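Inspection log for the structure reproduced underneath, given as C-alpha cells.
The values are calculated or read from the model by the stated rules, or taken from the named source; none is laboratory data. A quick note: this is a predicted structure, and the numbers were derived from the prediction, not measured. Cβ placement follows ideal geometry from the backbone for every residue including glycine, while neighbour counts extend to all protein chains displayed. Surface areas here come from the heavy atoms of the whole protein model, side chains and all, with no ligands, DNA or RNA. Shrake-Rupley method; radii C 1.70, N 1.55, O 1.52, S 1.80 Å.
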Amino acid sequence: MAALIAENFRFLSLFFKSKDVMIFNGLVALGTVGSEELFSVVAFNCPCSPARNYIYGLAAIGVPALALFLIGVIWNNHTWNLVAECHKRGTKNFSAAATFLLFGSIMGRASVAPITWSVISLLRGEAYICALSEFVKPSSLDKFPAESGAEVLAKFPCRDVPANLTKFRDEVTRRLRYESQLFGWLLIGIVAVLVFLTKCLKHCCSPLSYRQEAYWAQYRSNEDKLFRRTAEVHSRILAAKNVKQFFGFVALDKEEKELVQEFPVEGVQLSPQWNAITGVYIYRENKGFPLYSRLHKWAKGVEGNGPTPEGHELLFLAS
C-alpha cells in the first residue's frame, strides 16, 4: 500500500511539471484509479451464477466507464461552446475538418477516465474472471469431471467449490486473469500509440510555430482567468447597485466597498456582445494578424466566424 501511495504521488508530481491539459488528464486518471480500487473492494461482488456472471462482469466494467465518459463530455467546455455555436450560428462556418477536430478533442478528453477505468479493471481481472468463467470449455481442463459444467464453473470466482475441484478453479482463474491482463496491456499500448500519433499529427498540421502555440495557450489561460475574475467583480458590483436601489442601502464588507468605489459599473453588456464572444473558436488570422480568441476578435472589430476575403481559417482548435 505504501508503495502504491508513493507511486501515485510520483505520478502526480510528474503531471504538475507538464502542461495544463496533461495535468488535468493525469489527475482524472489518478482519481479513476482510486475510484476503481474503492469500487473493487467495496462494491464488486460476483453473483457466481450462470447467465448472471456475464452480465454483471461486463456491467462492472462498462457501466462506470460509460458514466465517466458522459461526465467527461459534460465537463468539457468545448461541448457547451459547440452547443452555443449550433444554437446561435449553426455549423455553416465549419468545414468537415474543423468539425472532426472539434469532436475529436471532446471525445479524446472524455475518454481519459473510462479508458483508465477499463484498463485497471482488466489488469485486476476480477470482473473479467466473473464474466467468462462459465464459458471455459470443460474439455480444455485435463480430467475435469464430466458431470460438472457451467453451473460449477460459474462458482469458481467465489471459490465456493468442492475440494476436488480446487486445482481446476486455480487453473481457470489463472487462465482468465492472464487473458484479462493481456487485453489490459494491449489497450494501454493501443492508446499510447494513438496518443503519440495524434500529438505528431497535431504539431505537423499546426499553422503555428512552437513558440506561438505556447504563447496562444498562455493567452487563452490568462484571458479565461481575467475574464472570470472580472465577471465575478462586475456581477457583484452590479448586484450591489440593484440591491441598494431596492432597499435604499446595501450591506457591504470592507473589501466590497473598495471594489464599488474603485470600479464603477454603469450598465450591462448587450446580448449581441455576449453572443459574439461565446461559442467554438478555431484559430484564424485577419490580414496576417493573429486572432487568439472570440474576445480578441470582438475587441479588434472583426466580424463573422468564417473565412473572409481578408482572413482565412487555419483549422486549429484551441485545446
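The table below gives the values:
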{"item": "Hey, V250 of a type outside the set (G, A, S) and outside any helix (DSSP H, G or I) or not", "result": "yes"}
{"item": "Residue in the range 170-184 that is within 23 Å of the chain's Cα centre (by Cα) and not polar (S, T, N, Q) present", "result": "yes"}
{"item": "The range 267-300, subset of a type outside the set (G, A, S) and under 13 Å from N81 (Cα atoms), residue surrounded by the fewest Cβ atoms within 10 Å (Cβ to Cβ)", "result": "W274"}
{"item": "Test: residue in the range 100-117 that is open to solvent by 20 Å² or more (accessible area, probe 1.4 Å), small (G, A, S) and closer than 18 Å to E179 by Cβ", "result": "no"}
